[in-house]
């Protein structure tokens, strides 16, 4: 539920501001309005944050040691210094490795011996390198002695009376020998190992560092709000403005009971950006978490949380489309419930959401008779609970009775059906294709019914969205009539049989006439109401016919994704049967695991998308600012 918030001004003596803000922070129901530039986080907070990030990268430690006072900052500084030194040593290690690779082709020798030889003989020893492709095209001076060729580079050295300068080659200056580099690297690795060992001892203080972080953060938040205050009467008085939810106004009496601070409700100004305060519990709170994924409702919006949750659960279940997967999800959620105490409040809500989605997958899987992609026979007890199976039989019975073009098509393909009057036997005619049994009529009827159900869900979802904001958009009445009318009319236009025909709700001829009338009357009524409400701007309502039609067709993604999941599951089962026991077990396990991951991703992405794009389009303004009161931040 979105609750109203009121604007207040607080006035008091300057010496009381610290005490007032501390009490307000403890109560946590006032969002103070920022009128000045925000203070940046202090260096201390940045240091603590960086230290916590560093220690989280180390090996986890279950037992926590408690620190108090300045000892906590000592650990912070020690963590930063140690980590910085480790980073420096890693850089030195890379430099030494690069230098080793550079001079390795020259061989292992002592630089001191070369210097001594130069001193005694008066000769100069030099090393040169040139690209092989260039070295093959130039004349090599007689003074150069070839060493080796590596990595498309040719290496030479010279011993001469004077310093050589060869334009085509690069002289290599040596500061260390290979032995020197090895010794230096050993020292670097030794120091690095000692520091890393010391660093791994520090995560036991993480709990204390987190407490320090929140202490400093709360101090900083107090300073931020204090900085927004306005001084009056030569700094004797201060004033602050803030937002208070209407439901929380009673708490203001307790906050101001000492009489040192005066609060007055003031009217909002045109430029004020009113925050959105949402208060939900139970399932609606789970929906609120989902709502924040996309946007914050504006204060003028109606809270969509409960509707977003239930429709998301429905879309997710229809996309996963398997009771077997739902049972696995439920088992995983029950397993995680053992660790519920260690979860945060948000983590507990996510676990509850996952549990409810698992139940939804089981229910929808039972409705359509899908269990790990297995092909169940009509005699299987699980099929008796399948509503989809019931609709397939009703559809077959309808075509048998009507003897229509659908019936004639199947009789031509399978002449033996002309003598079949049992709709169940008619639907379950089988043939063998590529080594496995298939049921062409059953599969086509199931596909058609699932496709229509997806469209029905889209029709209901869009109509519900239109009717939610009917006061803002009168034309919604006409569009709902036109949408339902199109559902009745288009089956005849497409030469298809709808569920309303199969279930005996409407005959084809009556549905066609009724649907055509509802489309014409509804569309005209929508335009007339739009012109009455919006004057000449209502002409733009004509474009909504295309938008609504496209949005409803977008719900076909539910059918497509659900069908793809079922086909993939069935395909992995078939491949597993062909691969033998060991290979089949591995193939089926990996295949279903991939299918589950894709199903979860598709269910989350498209389940939310259909709410946030198609549904929000007609009943959501958004672009709100979340109510963020001054409160004590805790772990």
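Numbers at a glance
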item	result
The one condition in (1) in a helix (DSSP H, G or I); (2) within 24 Å of residue 460 (Cα to Cα) that residue 531 fails to fulfil	(2)
Test: residue in the stretch 13-21 that is in contact (Cβ under 8 Å) with a residue 24 or more places away in the chain, buried (at least 17 other Cβ atoms within 10 Å of the Cβ) and out of contact with any helix residue (DSSP H, G or I) (no Cβ under 7 Å at 6 or more places or on another chain)	yes
Check on residue 279, within 27 Å of residue 315 (Cβ to Cβ), touching a strand residue (DSSP E or B) at 6+ places or on another chain (Cβ under 8 Å) and free of Cβ contacts under 8 Å to residues at least 40 places away in the same chain	no
From 473, 544, residue being outside any helix (DSSP H, G or I), under 34 Å from the mean Cα position of the chain (by Cα) and not assigned by TED's automatic domain parsing to the domain that holds residue 407	473
Qualifying position, being surrounded by fewer than 16 Cβ atoms within 10 Å (Cβ to Cβ), closer than 25 Å to residue 305 by Cβ and at pLDDT 90 or above, among 626, 557, 631	626
Within the stretch 23-44, tally of residues that are on the phi < 0 side of the Ramachandran plot and surrounded by 13 or more Cβ atoms within 10 Å (Cβ to Cβ)	13
Residues within the stretch 139-153 that are part of a strand (DSSP E or B) and farther than 9 Å from residue 128 by Cβ, tallied	7
The stretch 118-131, residues that are surrounded by 13 or more Cβ atoms within 10 Å (Cβ to Cβ) and over 14 Å from residue 162 (Cα atoms)	128, 129, 130, 131
Hits in the stretch 426-439 - residues which are exposed (fewer than 15 other Cβ atoms within 10 Å of the Cβ), at negative phi and without any contact (Cβ under 8 Å) to a residue 40 or more places away in the chain	430, 431, 432, 433, 438
Residue satisfying condition, being in a helix (DSSP H, G or I), under 35 Å from the mean Cα position of the chain (by Cα) and not assigned by TED's automatic domain parsing to the domain that holds residue 579, within set 480, 516	480
Single residue of the stretch 379-388 satisfying the filter (within 16 Å of residue 322 (Cβ to Cβ) and at pLDDT below 90) that is surrounded by the fewest Cβ atoms within 10 Å (Cβ to Cβ)	385
Failed item in (1) touching a helix residue (DSSP H, G or I) at 6+ places or on another chain (Cβ under 7 Å); (2) free of Cβ contacts under 8 Å to residues at least 40 places away in the same chain; (3) surrounded by 15 or more Cβ atoms within 10 Å (Cβ to Cβ), with residue 166 passing the rest	(1)
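For (1) farther than 30 Å from residue 225 by Cα; (2) out of contact with any strand residue (DSSP E or B) (no Cβ under 6 Å at 6 or more places or on another chain); (3) assigned to a helix (DSSP H, G or I), each residue gets a yes or a no:
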site	(1), (2), (3)
35	no, yes, no
40	no, yes, no
53	no, yes, yes
67	no, yes, no
72	no, yes, yes
85	yes, yes, yes
93	yes, yes, yes
109	yes, yes, no
126	yes, no, no
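The values are calculated or read from the model by the stated rules, or taken from the named source; none is laboratory data. Every value quoted in this text rests on a predicted model; they were computed, and no experiment measured them. Ideal geometry is used to build each Cβ from the backbone, glycine not excepted, and the neighbour counts take in all protein chains shown.
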